[in-house]
Every structure is written in C-alpha cells, then in structure tokens.
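Comments concern the structure below.
The values are calculated or read from the model by the stated rules, or taken from the named source; none is laboratory data. In this text the structure is predicted, and so the values were computed from the model without any measurement. With ideal geometry, Cβ positions are generated from the backbone for all residues, glycine too; neighbour counts draw on all protein chains shown. Side chains are part of the model used for accessible areas, which takes the heavy atoms of the whole protein and leaves out ligands, DNA and RNA. Shrake-Rupley method; radii C 1.70, N 1.55, O 1.52, S 1.80 Å.
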Amino acid sequence: MRHTLSVLVENEFGVLARIAGMFSARGYNIESLTVAETLDPTVSRMTIITRGSDQIIEQITKQLHRLVNVLKVVDVTEEGDHITRELVLIKVNADGEARAEVLRLVEIFRGRVVDVSPRTLTVEVTGTEDKIKAIIDLMMPLGIKEIARSGQVAMARGAKTLGGERKPARTEG
C-alpha cells in the first residue's frame, strides 16, 4: 500500500542525506520526496511517498524517529482525510494546430502557460497525481519535449496540523 509521510526535521546540513540513507540502507524506495522550510526557518517539512505493508511503514516510522534531527513523523495516509498536490512544468511542441490544442488542454486542466516560444509552450499545472498523469497522457501525442515535476506535498484537512511549526516572531514597527 502507498503511504504519505509528513516529517518535521531540524533544518540543518546533512539531514536529507541521513533520511535518504536510512531508506536506502534498509531497501525501502522513496517514490516522491519534497522538502521545504516551515514558518520556523529552523524546521523543515518533508513529504515522503513510499510503498509498503503496515508493518514496513511502522518500521520506517520507528527508524525515522531514531534519527537525531527528526522532530515528528506522521503517516497522513493513516491519520485520515488529507490533501495532496503536485506541480508539473511541461514543455510541449506547439506548432500550428498543436498550439490551439495545447491551449485548450491547459484551460480544461486549469493550468497556465508560463513560457512561449515560436515552436513550444511551457505549461504549469497543479493538482492531484491523477490530474498530473491525465494531462501528461493527453499532451504526449502532441510531443512533450521536457517535464519537471515537484513531487507531492500533503497536509491534513480541517483544523488538524502536524504541529511543531512556530510562527516567526512579530516585529513591532
């Protein structure tokens, strides 16, 4: 089964390497990985997509908790309803009639054109993994030249938070 892990880590040199090394050393695969700073610049949030039985995911979670720089690990798949999103940039051939077809697809998928050249269009689409796969499949016959995907980010729905993210101190002015 596929699992989405949200991991809060100290924003320090080498943390990503230690986490990736832990997965590699134990033969676990990372399907998607995103990392960015939170509201607190000393803390980063990682979203890791991996596959495994409940026992394997439990083992991964325990191993992550043992790493010094890991502050919190939550399997958002098990926690309940959550939101996942991914961003993709697609550079596609756009000569003649193909240009109009690309523009129609971008409108249907609520994307946007972010770069235009005489022979290509680069489009940006944000959405679920299924939505990203669907637009890629539809653009494939038009001649995709290049794709860059962000990887998924995830967050619980409603008021529930991962916690551990402090707001920056207000400055009086």
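Things worth noting here:
- Each label was represented as a point 7 Å from its Cα along the Cα-to-Cβ direction; for D40 and V114 these points are 3.0 nm apart.
- Distance between region 60-90 and region 28-55 - C-alpha centres, whole angstrom: 5 Å
- Peptides 60-69, 38-47 ranked from most to least packed give 38-47, 60-69, packing being the mean of other C-beta atoms within 10 angstrom over each peptide's residues.
- Debye log10 I(q)/I(0) at q = 0.14, 0.17, 0.23, 0.34 Å⁻¹ for region 108-149, Cα point scatterers: -0.30, -0.45, -0.84, -1.45
- Mean shadow area of region 58-144, taken as a quarter of the surface of its Cα convex hull (nm²): 8.1 nm²
- Restricting attention to the chain, lysine pairs at least eight places apart or on different chains and with alpha-carbon atoms under 29 angstrom apart total 12.
- Shown here for region 1-100: GluC sites (Glu not before Pro) in loop regions (DSSP other than H, G, I, E, B) with at most 16 other Cβ atoms within 10 Å, namely E12, E31.
- Listed options for mean projected area of the Cα convex hull in nm² are (1) 13.6; (2) 9.4; (3) 10.3. The value calculated from this structure is the one marked (1).
- Surface composition of the chain: carbon and sulfur make up 52 percent of the accessible area, probe 1.4 Å.
- Calculated accessible area for the chain comes out at 60 Å² per residue, all protein chains present (probe 1.4 Å; ligands, DNA, RNA ignored).
- Among the chymotrypsin sites (Phe, Trp or Tyr not before Pro) found in region 1-36, those both in a DSSP coil and sparsely packed, with 14 or fewer other Cβ atoms within 10 Å of their Cβ, are F13.
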